[in-house]
Amino acid sequence: MGSSITVVGMGADGWDSVAPDGRAHVLSADVLLGGRRHLELVPPTDAAHERWPSPLLNGLDGLLARYAGRRVVALASGDPLVSGIGTTLIRRLGRDAVRVIPAVSSVALARARMGWAAEDCDTVTLVGRDVGALRRYLTRDRRLIVLTSDPSSLSTVARLL
């Protein structure tokens, strides 16, 4: 495809949590891609703002082709390689075409708040997956951090537990 993109993670504190290198990329971008919430968190720039297509995978190639050759920055939550857009873009464009500047992930924040070491718990992503996939992780005394993409899956997870 010939595209390259920088993915900038934002932590729970929004713009204040963006690394200095990430801020520089955002402020100098020609195009900012992201969800509405992320696009609203950045300071005003001259960059075009474009929301992710829905469904994402069906419209992603067209979106990226439209901005090929421009300085494109994708905004993401936390670490874009934890069930995030960074992973999707690397799969689509290849590792050499994607630069990732992470922030603290939601997984790291959850572990810190609960006092759980990374090696003492498992992270299960249900983002874009069937909630039933959680069943294989449900064993006695196992610590899980479960990532979901929408509030409707929470009741299904609760029923499984």
- Is it true that residue 136 is farther than 27 Å from residue 8 by Cβ, modelled with pLDDT of 90 or more and exposed (fewer than 15 other Cβ atoms within 10 Å of the Cβ)? yes
- Message: Cβ-Cβ distance below 9 Å, separation of 6 or more or different chains: which pairs start in the stretch 91-107 with a residue that is among the basic types (Lys, Arg) and end on one that is part of a loop (DSSP other than H, G, I, E, B)?
- Response: 92/1; 92/3; 99/4
- Item | Members of the stretch 107-121 that are farther than 17 Å from residue 81 by Cβ and open to solvent by 50 Å² or more (accessible area, probe 1.4 Å) | 112, 113, 114, 115, 116, 119, 120
- Item | Failed item, numbered, when residue 141 is tested on (1) on the phi > 0 side of the Ramachandran plot; (2) of a type outside the set (A, V, I, L, M, F, W, C); (3) open to solvent by less than 60 Å² (accessible area, probe 1.4 Å) | (3)
- Message: Taking the condition of being surrounded by fewer than 20 Cβ atoms within 10 Å (Cβ to Cβ), among the hydrophobic types (A, V, I, L, M, F, W, C) and closer than 16 Å to residue 147 by Cα, how many residues in the stretch 57-106 meet it?
- Response: 2
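The values are calculated or read from the model by the stated rules, or taken from the named source; none is laboratory data. Note that this is a predicted model, so its numbers are computed, not measured. Positions of Cβ are backbone-derived with ideal geometry, glycine not excepted, and every protein chain shown enters the neighbour counts. Protein only, heavy atoms only, side chains kept; ligands, DNA and RNA dropped before computing areas. Shrake-Rupley method; radii C 1.70, N 1.55, O 1.52, S 1.80 Å.
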